[in-house]
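No lab work stands behind these numbers, since they all come straight from the coordinates. Quantities reported herein were computed from a predicted structural model and do not represent experimental measurements. Here the Cβ positions follow ideal geometry from the backbone for every residue, glycine too, while neighbour counts run over all protein chains shown.
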């Protein structure tokens, strides 16, 4: 990869990681806590629509972030790139093993215990994405 192309990849990577970091903080501080305010009667339908719409917002940037992180790890990205890819792997695992099953449970109706686990468990992704944002910015600045 040419130095100029590498710089563009690093910039795109920092941008998409920054977007996901901002989004996860919004989800953590605003979106998930407000689930308890929807109401029992409407909650199952709300959660089904929420999951569907959220997928359209987070799916493409998550896939782009993964592709760029992999590209950087296999280019001369060094330890920071590999560290970022490992953090992203942990984010994806948390999403698949914690958040998705809890959302599936909530799609059947509001469950206070599942909601509490969703909010608390999402701190894992919030912290990991924040760490990725610092790494992505550091990689861009030092390129």
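Extension gain, residue 142 to residue 56: 0.36 nm times the residue separation minus the Cα-Cα distance gives 27.7 nm. Most tightly packed first, judged by the mean number of other beta-carbon atoms within 10 Å of their residues, the peptides 48-58, 126-136 read 126-136, 48-58. Go ahead and estimate [θ] at 222 nm for the chain from helices alone: -39,500 (n - 2.57) per DSSP H run with n ≥ 4, summed, over the residue count, rounded to 500. Rounded to the nearest 500, the figure is -27500 deg cm²/dmol. Consider the candidate values (1) 16.8, 57; (2) 17.9, 61; (3) 13.8, 42; state which one is Rg and Dmax of the Cα atoms in Å computed from the structure displayed. Computing Rg and Dmax of the Cα atoms in Å and matching it to (1) 16.8, 57; (2) 17.9, 61; (3) 13.8, 42 gives (1). Axis angle, to the nearest 10 degrees, between helix 78-94 and the longest C-alpha principal axis of the chain: 10 degrees.
Computing FRET efficiency as 1/(1 + (r/R0)^6) for residue 37 and residue 63, where r is the C-beta to C-beta distance and R0 is 41 Å, gives about 0.85. Considering only alpha-carbon pairs that sit under 8 angstrom and 6 or more positions apart, the relative contact order computed for the range 3-141 is 44 percent. Each of 24, 124 has some number of other Cβ atoms within 10 Å of its Cβ, and from fewest to most they run 124, 24.
Length gained on full extension, residue 96 to residue 130, computed as 0.36 nm times the residue gap minus the Cα-Cα distance: 10.3 nm.
Using C-alpha pairs under 8 Å with a sequence gap of at least 6, the mean separation divided by the residue count of the range 52-123 gives a relative contact order of 20 percent.
A full extension of the chain between residue 112 and residue 4 corresponds to an added length of 33.8 nm, given 0.36 nm per residue minus the alpha carbon distance.
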